[in-house]
Amino acid sequence: MSYEQFAYTYDRLMDTMPYKDWLRFVLESFERFGVKPVSIVDLGCGTGNLTIPLAAEGYQMTGIDLSEDMLAVAEQKAGESAQPRGGAIRWLQQDLREWELGEPVDAAISFCDSLNYLLEEEDIADAFRQTYAGLKPGGLFLFDVHTPQQLFTYAETQPFYLNEDDVAYIWTSELDEERVQIQHELTIFVKESGNRALFRRIDESHEQRAYDLDWLEQMLRAAGFREVRIAADFTWEQPTELTERAFFIAKK
């Protein structure tokens, strides 16, 4: 997960992602599960596209990411969008398999398929155990993952292209069907500010692995979570074979 140069074009490429739906899902989860959190940790927070809106709702936020560059962009954005009623935000560079704050929080979230970047089963188990340890009793862990079906869809429908005035990319994918692990190769061209004719090239390689949803539930319960709910594609319906993004709500 080396983002470096990519961090500064991330928001431009992700501007169509359903961040408002993720925010809605978080708030609905708190209501449905009877939790009124004060402190929330956002694991794999990227450039803060959920951390900052949740702080604006009044929550005390901690954004954790492995990329120093992503965090730098997030901190800059948070400063530009500061609101008087918003909660505080702190940004920490940590691995979500080993994150630690020194004090437990009321809720943990990890969206935009961050956990799919953990490529070994023991990595998932470590992340679940660490998150359980970092929550207060009764705390919620909310996250989403790409399903195996989604990775097969990527492989079947690639390559992908974008060609706009300020940014363009070519995106290819190769799937290891046995491991259900996919490698995405992106060549991105970003227009340099102040020069209408000059584009900067960025090459990115990202790998993700999809896990069986029942196995993920087993790992959550093995970590100690006593209540686990799985939902499909921003709804509260049960996942099916066609589900692309599965949502987990686990209660300590």
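The values are calculated or read from the model by the stated rules, or taken from the named source; none is laboratory data. These figures come from a predicted structure and were not determined experimentally. Reconstructed Cβ throughout: ideal geometry from the backbone, glycine too, with neighbour counts over all protein chains shown.
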* Asked: What are the residues in the range 121-152 that are hydroxyl-bearing (Ser, Thr, Tyr) and over 17 Å from the mean Cα position of the chain (by Cα), if any?
  -> Tyr132
* Among the listed residues Leu50, Leu118, which satisfies the condition of being touching a residue at least 24 places away in the same chain (Cβ under 8 Å), crowded, with 20+ Cβ neighbours inside 10 Å, within 22 Å of Trp236 (Cβ to Cβ) and within 15 Å of the chain's Cα centre (by Cα)? -> Leu50
* To do: Would you list the strands (runs of 3 or more DSSP E) that sit entirely within the range 177-252 and hold 3 or more residues that are at pLDDT 95 or above and within 20 Å of Trp22 (Cβ to Cβ)?
  => 227-232, 245-251
* To do: Would you mention how many residues in the range 222-252 are surrounded by fewer than 20 Cβ atoms within 10 Å (Cβ to Cβ), among the polar types (S, T, N, Q) and within 20 Å of the chain's Cα centre (by Cα)?
  => 1
* To do: Spot the failing condition for Ile170; the list is (1) at pLDDT 95 or above; (2) of a type in the set (A, V, I, L, M); (3) out of contact with any Pro (no Cβ under 7 Å at 6 or more places or on another chain); (4) not assigned by TED's automatic domain parsing to the domain that holds Leu13, and only one is missed.
  => (3)
* Structure fact -> Over the range 124-133, the set of residues under 20 Å from Gly63 (Cα atoms) and surrounded by fewer than 22 Cβ atoms within 10 Å (Cβ to Cβ) is Asp126, Arg129, Gln130, Tyr132, Ala133
* Does Glu156 meet the test of being assigned to a helix (DSSP H, G or I), at pLDDT 95 or above, more than 22 Å from the chain's Cα centre (by Cα) and on the phi < 0 side of the Ramachandran plot? -> yes
* Asked: Inside the range 159-176, can you point out the residues that are among the small types (Gly, Ala, Ser) and either part of a loop (DSSP other than H, G, I, E, B) or in contact (Cβ under 8 Å) with a residue 24 or more places away in the chain (or both)?
  -> Ala168
* Structure fact -> Residue hits (the range 1-20; at pLDDT below 95, surrounded by fewer than 14 Cβ atoms within 10 Å (Cβ to Cβ) and outside any loop (DSSP other than H, G, I, E, B)) are Glu4, Arg12
* Would you mind stating whether Leu118 is hydrophobic (A, V, I, L, M, F, W, C) and in contact with a Gly (Cβ under 7 Å, 6 or more places away or on another chain)? => no
* To do: Mind counting the residues in the range 56-115 that are over 21 Å from Lys20 (Cα atoms), out of contact with any Pro (no Cβ under 7 Å at 6 or more places or on another chain), modelled with pLDDT of 90 or more and acidic (Asp, Glu)?
  => 5
* To do: Go through the residues of the range 139-146 one by one and say whether even a single one is surrounded by fewer than 17 Cβ atoms within 10 Å (Cβ to Cβ) and either assigned by TED's automatic domain parsing to the domain that holds Pro239 or on the phi < 0 side of the Ramachandran plot (or both).
  => no
* Asked: Taking the range 133-191 only, how many residues are of a type in the set (Lys, Arg) and farther than 19 Å from Leu118 by Cα?
  -> 2
* Tell me, please, whether a residue that is polar (S, T, N, Q) and modelled with pLDDT of 95 or more can be found in the range 32-41. => yes
* Asked: Being assigned to a strand (DSSP E or B) and touching a Lys or Arg at 6+ places or on another chain (Cβ under 9 Å), is that true of even one residue in the range 21-30?
  -> no
